[in-house]
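We did not get these values from a lab; they are worked out from the coordinates using the rules stated. Quick caveat, the model's predicted, so the values are computed rather than measured. Don't worry about glycine lacking a Cβ; one is built from the backbone with ideal geometry, like all the others, and counts go over all protein chains shown.
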Amino acid sequence: MITENDLELISSVISLSDALFSSRPEKKCDIAAAPLLRASPEKEEDNITAAITDTSVSLQNIARKISSCSRCRLCGGRKNTVPGIGVPNPLVLVIGEGPGADEDATGEPFVGKAGQLLDKMLAAICLSRKTNCFIANIVKCRPPNNRDPQQDEADACRSFLDAQISVLKPKLILTLGRIAVQNLLNTTTGINRLRGQFFEYKGIPLLPTYHPSALLRNEDLKRPAWEDLKVFRSRLEEMTGCSFDPKAQGGSSVK
Ligand code: URA
């Protein structure tokens, strides 16, 4: 459950961020990323719509393949596959570990308590699965008893994530927790050493931070996680020239 304490901490770190980022750009951002297409002005809108439709179809095809996948043992215990959710032209791809019970029941990633906290973390930097993010996982089926995905399971699922990345073409990747970053960067270095700095995956800047479940277990991780999000926000602002401060977006976070 998200406690009063969580909400207080999030609003206090947002205020802290105001003080720290007083010289950030003020321009409001159309925070949904538009696909970059070369087109004559009158055809541009049609082309953008067509590109988004193509992307959505490709994502649906990947999701269909995932739904019939039996490449690893996780297919035996699933109720639903959990391919991912979000906009087809995201600025940011958020990558978690794998579905839990709530996600297995619904087929949607990050819908339990950790998902509610994730949505608040993203909203604190004007990101949302509804407007400018896509959320996916390393494995698309629930590991039994929420254990960590095993290496062969992660490896078997990797081409689905890679296909999603090549269709989505996110500008930035945010990974949550140890499993996601270790798999993508092919490293055994721990999350405490990796978090808060940029790496690259397939040429896309990637920043690891703590998993929201870890923040729910250990309050002390919330402050460093916010520091990571501020680093991520600075890069978003550099890239777009827009503010990703909810207050600059009219005082409220992204709907
Ligand atoms: N934790 C994850 O890593 N992914 C989910 O989808 C839900 C919880």
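Below is a table of values for the structure above.
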| read-out | value |
| --- | --- |
| 21 Å tail of the calculated P(r), the stretch 158-235, as % of Cα pairs | 27 percent |
| Difference of contour (0.36 nm per residue) and Cα-Cα distance, E200 to S166 | 10.8 nm |
| Burial ranking of peptide ranges 125-132, 48-55, 159-166 (average Cβ count within 10 Å, highest at the top) | 125-132, 159-166, 48-55 |
| Built amide H within the under 5 Å cut-off of N137, gap 5+ | G96 |
| Counted charge near A105, where neighbours are those whose Cβ lies closer than 10 Å (Asp, Glu -1; Lys, Arg +1) | -2 |
| Around K65: net Lys/Arg minus Asp/Glu count, Cβ-Cβ under 12 Å | +3 |
| 3J(HN,Hα) from dihedral phi, the stretch 173-187, Karplus parametrisation 6.51/-1.76/1.60, rounded to Hz, x for glycine, proline | 10, 10, 9, 10, x, 5, 4, 5, 5, 5, 5, 6, 8, 6, 9 |
